[in-house]
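Novice: This is the structure I want to talk about, given as structure tokens.
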Amino acid sequence: MVFSSIVFLFLFLPPVLGGYYLLHATLPRFWKHLFLTLCSYVFYGWSNPWFAWLMLFSTAIDYVAARAMTDGFRSTNREQLPLLEVGGKRTRGQRMALVWSIVTNLGLLGFFKYFNFGVDSWNALALALGMEGAEFDTTLRVVLPLGISFYTFQSMSYTIDVYRGDGRAIRSFPDFACYVSMFPQLVAGPIIRFQEVADQIEQRTHTVEKFARGVVFVCFGMAKKILLADTCAQIADACFGAELPTTGEAWIGVLAYAFQIYFDFSGYSDMAIGFGLMLGFMFAKNFDSPYRSASIGEFWRRWHLSLSNWLRDYLYIPLGGNRRGTRRTYANLMTVMLLGGLWHGASWNFVIWGGLHGTALVIERALKPAPARTRIGHALRVAATFLFVLFTWVPFRAPDLAATGRYWRSMLGLGEADAAAGLVSGIIGNQYLGISLVIAAVVAFFGIQTWDYTRRLPPARAALAMGLFLISVVMLVATSFHPFIYFIF
């Protein structure tokens, strides 16, 4: 089930909100969290109920691991379990509980996400070395569960935070299952770390103002997704679908994809934050106008913040960060970005994408450029950063390494256009799509962020939001292509 569907908006969401607030007004927290958990499992298992069992298994593992770290199920305190001392010595049993959680989660993620990739890579290597008999049978393929990358990282942050003493373990299993499975951020993020919402799980406010802000977040998120991302997708698909587009078409195609992926994911994040507000939760901002960045380091402080912060706090810093010398810092940056690329997808394209960004971060740290002193200098740095990001979006979007190479050659004017170039030009020349691409560029570089725009909601802003939502619903009914890119990650 996806947010941008009639089933979700008009058949799933209204009874969920109605039931939630009815339980909130009449019964203790346990029952509304149990209800929200069950509804979230329906949401997640809509396309394949077997995926829900996998998430339940992962949830149970981490719940038991955290309880084993803290009280071993012996505490008599009905509300709060003991908080471990930050930096304190841990017992062998506590360490084993953490290892059990991490190994189980990464084992599940590794099998379901990378098994096919590993088999295909081995078979390609065996074929290249003339070892046909060493190939694995590929008749059976492993299906990737939706959102497993997101809820695995989220659930792991819980056991790690409890082990570190940054968060208190949850006594109630429905409370913890609600945190892991909450439908607003379940299948495509943002990655909600336990310490960010631990207090909200125990107690949070429900106000008309918070609910109204959530509604406006959803409205703008829908508009980003339906009116901008999906229209840019038509241009990007046409250009990347051509064997050898012209140089101009190649640049227009990657530009369209840059806006597609930004508005697709930031639109989804806006809706996730909005639905969270409607349920009383305040989730952190996930995007901060990333295409305005003047460096790649700044880009990663603005793009997919929940993932960037997770990798920093749970991977980069534990590896040593920048505290163990220059070479170790560079190695840590490359390791984090390579693994971050592989997190996005089981393909060598994503490894290359992560490697390019890692290399750029290393170069920036080595050169330590001084801040631009003039507006023109700053604008030139923003343009250079955006061009690098465009160049690296190619392996992220292209289906394989060969297609990546062809597309880069087209961007550099080193290839001849194929017979489909005329068809691509016709799609690009569509007036509606062209206007949408221009609007997307204006909003990406000069627009006000939803997070800031919704702090105040005078009637004019509320009316604008509702108008965009109605137009989005009309487009949703009139067209049929509305997938979220990050569902495949």
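Novice: Out of every Cα-Cα pair in the chain, what percent are more than 29 Å apart?
Specialist: Roughly 55 percent, rounded to a whole number.
Novice: For the range 314-380, which trypsin sites (Lys or Arg not before Pro) are both in a DSSP coil and crowded by at most 14 other Cβ atoms within 10 Å?
Specialist: Here the trypsin sites (Lys or Arg not before Pro) that fit, given the DSSP loop and packing criteria, are Arg323, Arg324, Arg373.
Novice: Size of the dipole of the chain about the Cα centre, Lys and Arg at +1 and Asp and Glu at -1 on the beta carbon, nothing else charged, in debye to 20?
Specialist: 1860 debye
Novice: Let me ask you something else. If we count every other residue with Cβ under 14 angstrom of Ala223's Cβ, Lys/Arg +1 and Asp/Glu -1, where does the sum land?
Specialist: In short, 0.
Novice: Hey, another quick one. Would you list, by chain and number, the aspartates and glutamates whose Cα falls below 17 Å from the Cα of Lys89, excluding same-chain residues fewer than 8 positions away?
Specialist: Straight-distance partners of Lys89: Asp71, Asp161, Asp166.
Novice: Take peptides 457-468, 267-278 and line them up by average Cβ neighbours within 10 Å, highest first, as a rough protection proxy.
Specialist: 267-278, 457-468
Novice: Once phi is turned into ³J(HN,Hα) by the Karplus curve 6.51 cos²θ - 1.76 cosθ + 1.60 with θ = phi - 60°, what whole-Hz value does each residue of the range 275-289 show in order, with x for glycine and proline?
Specialist: Per residue, the Karplus-derived 3J(HN,Hα) values read 5, x, 4, 5, 9, x, 8, 10, 8, 6, 4, 10, 9, 9, 6 Hz.
Novice: Turning to a different aspect of this structure: Specify the inter-centroid distance of the range 210-232 and the range 349-376, based on alpha-carbon positions, in whole Å.
Specialist: Comparing the Cα centres of the range 210-232 and the range 349-376, I get a distance of 31 Å.
Novice: Sort Lys113, Lys224, Lys368, Lys210 by Cβ crowding within 10 Å, fewest neighbours at the top.
Specialist: The order, fewest Cβ neighbours first, is Lys368, Lys210, Lys113, Lys224.
Novice: With charges only on Cβ, +1 for K and R and -1 for D and E, what is the dipole size of the range 19-204 about its Cα centre, in debye, rounded to 20?
Specialist: 700 debye
Novice: How would you rank Thr359, Thr207, Thr37, going from fewest to most other Cβ atoms within 10 Å of each one's own Cβ?
Specialist: Thr207, Thr359, Thr37
Novice: Hey, which lysines would be in cross-link range of Lys32, C-alpha to C-alpha under 29 Å, not counting anything within fewer than 8 residues on its own chain?
Specialist: Lys210, Lys285
Novice: Taking neighbour Cβ counts within 10 Å as the exposure measure, how do Thr91, Thr450, Thr59 sort from fewest upward?
Specialist: Starting with the residue having the fewest Cβ neighbours, the order is Thr91, Thr59, Thr450.
Novice: Relative contact order of the range 19-204: what whole-number percent is it, with Cα pairs under 8 angstrom and at least 6 residues apart?
Specialist: Dividing the mean separation by the residue count of the range 19-204 yields 33 percent.
Novice: Considering the Cα positions of the range 19-204, please state its Rg to one decimal place and its Dmax as a whole number of Å.
Specialist: 19.5, 70
Novice: Still on this structure, please answer the following. Calculate for the chain the 222 nm mean residue ellipticity that helices alone would give, adding -39,500 (n - 2.57) per DSSP H run of length 4 or more and normalising by residue count, nearest 500 deg cm²/dmol.
Specialist: -21500 deg cm²/dmol
Novice: Let me ask something else. Sorted by mean Cβ packing within 10 Å, highest first, what order do the peptides 141-149, 156-164 take?
Specialist: The packing order, highest mean first, is 156-164, 141-149.
Novice: Which residue, chosen from Tyr114, Leu81, Ala128, occupies the Cα position most advanced towards the positive end of the dipole of the range 19-204, where the dipole is computed from +1 (Lys, Arg) and -1 (Asp, Glu) charges on Cβ about the Cα centre?
Specialist: So the residue we want is Leu81.
Novice: Please sort 407-416, 245-254, 191-200 by packing, taking for each peptide the average over its residues of neighbouring beta carbons within 10 angstrom, highest first.
Specialist: Highest-to-lowest ranking by the protection proxy: 245-254, 191-200, 407-416.
Laboratory data are not the source of any read-out in this text; all were calculated from the coordinates shown. All figures in this text were calculated on a predicted structure; none of them were measured in a lab. Counting neighbours? That spans all protein chains shown, and the Cβs are built from the backbone with ideal geometry, glycine included.
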